[in-house]
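Single-structure report; data block below.
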Amino acid sequence: MTLYSIPPLLSRVCFAFLAIVVLVRKKMTLVNTLFFLLCVSGLFLYTDILILFTVDNREFALWSSRIDHIFVVYAIPLYIHFFHVYLNINRRRWLIYTAYTGAFVLMWFSLTPLCIEKMNLYEFGYFGNGGRLYPVIGAGAALASLYSLAIICLAIRREQNSVQKNKLKYILTGFGVMGFLNGLNVLPLLGYPFYPPGTFSFIPLIIFAVGLFRYDLLDMGII
């Protein structure tokens, strides 16, 4: 394991910790269930990235990434769905249905070169090169991140209660910024030699965890 493996390892630990917190509290409301599924998706993603950064076998790295994308494509609709439920947005349900349908269709191409064509070797380790369909996944992730950031910022602007406003700020800084960083992982997948920005998701996740225990962000009675 090299220094490059530390950020994805820390992000994996943070996702695992938050998932365990939800399970321990045993209060599986819809918003908590969606949050748990997002954490599981993050666990798959950063387990895969950790494998890519540590293995020497190109073929093993390729299939690890392809299998991971069977689950990771659902992070896009889960992300939108989570923020809709958390912010009590009952409009634009068509957007959630469309995102889930798109993820379901893309899932069937996850094990083909149309999704991950090959493995590129960079200084930090292996990372996939997206196939012909990957720009669709990248565009979906970018739009989901920008849309979620926009509706959170609007909610903060409209909120009058200072405590609730602070909760929303933690959500924005935590899961909002985390989603944006993960969306930038598309850069190395499109062939640009950038260290995946999403591996630093542990930073906003730690901030989110502080808010989770300070303000009980998910109403689990955790304070």
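Taking segment 150-163, which residues are part of a helix (DSSP H, G or I) and either modelled with pLDDT under 85 or of a type in the set (Asp, Glu) (or both)?
Narrowing segment 150-163 to residues part of a helix (DSSP H, G or I): 150-158, 162-163.
Ser162, Val163, listed by residue number.
Residues that are more than 11 Å from the chain's Cα centre (by Cα) and aromatic (Phe, Trp, Tyr) within segment 72-90 comprise Phe82, Phe83, Tyr86, listed in sequence order.
Total residues in segment 92-101 satisfying the condition of being touching a helix residue (DSSP H, G or I) at 6+ places or on another chain (Cβ under 9 Å) and over 18 Å from Tyr134 (Cα atoms): the figure is 5. For segment 164-178, the condition of being aromatic (Phe, Trp, Tyr) and more than 23 Å from Tyr74 (Cβ to Cβ) holds for at least one residue. Among the residues of segment 164-223, those that are open to solvent by 60 Å² or more (accessible area, probe 1.4 Å), assigned to a loop (DSSP other than H, G, I, E, B) and in contact (Cβ under 8 Å) with a residue 40 or more places away in the chain comprise Leu190, Pro193, Asp219.
When the residues of segment 46-58 are narrowed to those that are open to solvent by 30 Å² or more (accessible area, probe 1.4 Å), part of a helix (DSSP H, G or I) and touching a residue at least 60 places away in the same chain (Cβ under 8 Å), which ends up nearest to Leu111 (Cα to Cα)? Full working, then the answer.
Restricting attention to segment 46-58, the residues satisfying the condition of being open to solvent by 30 Å² or more (accessible area, probe 1.4 Å) are 47, 51, 54-58.
Next, from what is left, pick out any that are part of a helix (DSSP H, G or I): 47, 51, 54, 58.
Narrowing the set further to residues that are touching a residue at least 60 places away in the same chain (Cβ under 8 Å) leaves 54, 58.
Details: Thr54: 21, Arg58: 15 Å.
Across segment 46-58, the extreme among qualifying residues is Arg58.
Each row is one residue, and each column tells you yes or no for (1) open to solvent by 40 Å² or more (accessible area, probe 1.4 Å); (2) assigned to a helix (DSSP H, G or I); (3) touching a Leu at 6+ places or on another chain (Cβ under 6 Å).
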site: His84; (1), (2), (3): no, yes, no
site: Asn88; (1), (2), (3): yes, no, no
site: Tyr97; (1), (2), (3): yes, yes, no
site: Tyr100; (1), (2), (3): yes, yes, no
site: Val105; (1), (2), (3): yes, yes, no
site: Phe109; (1), (2), (3): yes, no, yes
site: Pro113; (1), (2), (3): yes, no, no
site: Glu117; (1), (2), (3): yes, no, no
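Restricting attention to segment 14-60, the residues being within 15 Å of Gly128 (Cα to Cα) and charged (D, E, K, R) number 4.
Sort out which residues of segment 65-82 are in contact with a helix residue (DSSP H, G or I) (Cβ under 9 Å, 6 or more places away or on another chain) and open to solvent by less than 20 Å² (accessible area, probe 1.4 Å), and write them in order of number.
The initial filter retains those residues of segment 65-82 that are in contact with a helix residue (DSSP H, G or I) (Cβ under 9 Å, 6 or more places away or on another chain), namely 65, 67-82.
Within segment 65-82, Ser65, Asp68, His69, Val73, Pro77, Leu78, Tyr79, Ile80, Phe82 qualify.
How many residues does segment 8-39 hold that are under 22 Å from Pro197 (Cα atoms) and open to solvent by 20 Å² or more (accessible area, probe 1.4 Å)? Selection size over segment 8-39: 8.
The values are calculated or read from the model by the stated rules, or taken from the named source; none is laboratory data. Since the structure is predicted, the reported quantities are computational estimates derived from the model, not experimental observations. Reconstructed Cβ throughout: ideal geometry from the backbone, glycine too, with neighbour counts over all protein chains shown. Ligands, DNA and RNA are excluded from the accessible area calculation, which covers all protein heavy atoms including side chains. Shrake-Rupley method; radii C 1.70, N 1.55, O 1.52, S 1.80 Å.
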